1. Mean separation of Cα pairs under 8 Å and 6+ residues apart, divided by the residue count of segment B:1-98: what relative contact order is that in percent?
2. Could you sort the peptides B:265-272, B:115-122, B:467-474 by per-residue average Cβ neighbour count (10 Å cutoff), highest mean leading?
3. Taking a cut-off of 47 Å, what percent of all Cα-Cα pairs in the protein assembly as shown are separated by more than that?
4. Quick one, what does Rg over Rh come out to for chain B if you take C-alpha atoms and the Kirkwood Rh?
5. Averaged across the residues of B:175-183, what count of C-beta atoms belonging to other chains lies within 10 Å of each residue's C-beta?
6. Which of the GluC sites (Glu not before Pro) found in segment B:12-95 are loop residues per DSSP with 16 or fewer other Cβ atoms within 10 Å of their Cβ?
7. Would you mind giving the mean number of other chain beta-carbons within 10 Å of the Cβ of each residue in A:23-30, as a whole number?
8. Tell me, B:Arg307, A:Arg41 in order of fewest to most beta-carbon neighbours within 10 Å?
Amino acid sequence: MDTTKITKLFGRELTIINMGLETFADNLKDQKKTVLQMDWRPPAGGNEKMIALLKKLGK
Amino acid sequence: MKKIIIKKDSYYDSVFLMLASKAVKKISGVIEAVASMGTETNVGLLKDIGFDAKEFEGVRPNDLIMAMEAETKEIMEEAFQAVEEFLNKKRHSTGEEDTYQPVNLENAIRFLPQSNLVLISVPGAYAAREARLALNNGLHAMIFSDNVSIDDEIKLKKIAQEKGLLMMGPDCGTAIINQTPLCFANTVRQGDIGLVAASGSGLQEVTCCIDKLGSGISQALGTGGRDLKDPRVGGRMMKMGIQALSHDDRTKVIVVISKPPAPELARQVISDLTKTGKPCVVCFLGQEKRHPEKNLTFAENLEETARLAVELSSGSQDRDGVFAVSSKTIDQIVAGEINKKTTQQKYLRGLYVGGTLADEARISFEQQCIEIYSNIHPDKAFRLKDPKVSQNHTIVDLGDDAFTVGRPHPMIDPSIRDERLEVEIPDSEVAVILMDFVLGYGAHENPAGQVQQFLNKARSDNLYQWETLSIITSITGTDEDFQDMAKQKKLLESMNCIVMPSNYLASRVAAGIIKGIN
């Protein structure tokens, strides 16, 4: 179990992609953190069969 | 009259839509107002409350449903207009309507190649896929979402272990990395105490107590509630967190917080902590008292966890600190409150927004041989028959699913607690109300103000006997939290609430009163 990447993250500037509740991104912006808010919506229009297929394809 | 409007491919997050629904419901003449995405669950809920199933044919999870019931056609139109305005206000609130917002993670990473963490709070059915994409692209992940299957959690944590990345969650509500509060978290002083926790409000309470003692933290990592509970998950994130902190030069003391883990996982955590060689504090909340072993010290409650960590960090015992409330002082407070009581008053009502804080209070009472009923009691014999109806001495976690279907968590919208207070405080048999107030990012902007307003009105309406009812509280927060902790304390004290420096001390006072009058 190699946790070097985690230890390296400590002390580095966080650069965050936020998908979901916008309030979390708003709070990070208040703290002057770099955050990109996604305009997330369910993949494949929420079609469960398509989503299962995407999962099988590793997408 | 009822009406539904569907907006195709118009996605909004659930909390925003709940707040929109709440705002529109306030319009006089609106009987029901629901704005929600067209998921199977949400459509089912709308059918359950009487909306016509035919209206939802062809609706997909990406579609926005606005469902209204109003007394007249004019009020109906007003309600729909109000929703539209609320939705439009969101799009233009920051004046950033031209800001690029990628629709999928691949585009997001392309746009921000230096990103190192993905924060996921999408519906649970989709969260695992998104986390897998994040990890496979070399990014650390935090899943706030719940309703992720345990199989998915195991797979994600295996990927995270292989790649050496953080996979905090699912159902991880709190973390602080590089002094950056994530989701529900406080602004805590920088220091050398590193924490890993399988409990959100537990992590908030301990980090805030550390701050109140004048010390600080290096990192506070969350693992999600199942990490140490289910042997199949295997404590993977906890172990990774411990190892990462053991190799971190800025971390001098390591703290672990959890409810009692599965026994084999508890042994592994203790073994891993011992190997770090750093002084460690372990809080398995509810576990029996345990003596120190090698570099490990065991704490029985969250405040003690913080105190021990600060002592180990600074090398000095905190004799004059904020939690040094003597037994004599507690006895005096308790005696004063008992003197106020009528002969009818006997029961406790603990009304909590933090699940682990509710647990800590319950354990505190049970350690004093006071039986507690709760909606989250691990013993089914003491589980409330109806979470909305108290039995004998009761502590409720208002953040539990029973209260939050279709509503924001009470940390975001404390009105759930007002509704319960309205039922409990007029009851002449209730002696003590015990409450937690959680500040910080993610939380309501003025939780104490909300309760102060409620109690003020309740007093002028003669809803309760304020001279005899004890209201015992604590504030989980720091001086740097935006809600202004000092102001929150004053607001509570203005309504005769007793504000103790920690949840543990508040529980001790409440238990002392209950024991004294029964």
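Readers should treat all values here as calculations from the given coordinates under stated rules, not as data from a laboratory. Note that the structure is predicted; figures quoted are calculated from it, not measured. We place every Cβ from the backbone using ideal geometry, glycine too, and count neighbours over all the protein chains shown.
1. 40 percent
2. The packing order, highest mean first, is B:115-122, B:467-474, B:265-272.
3. 13 percent
4. Ratio of gyration radius to Kirkwood radius: 0.98.
5. Averaged over the peptide's residues, the number is 4.
6. When the GluC sites (Glu not before Pro) of segment B:12-95 are filtered for loop state and at most 16 Cβ neighbours within 10 Å, B:Glu57, B:Glu71 remain.
7. Per residue, the average neighbour count from other chains is 6.
8. A:Arg41, B:Arg307
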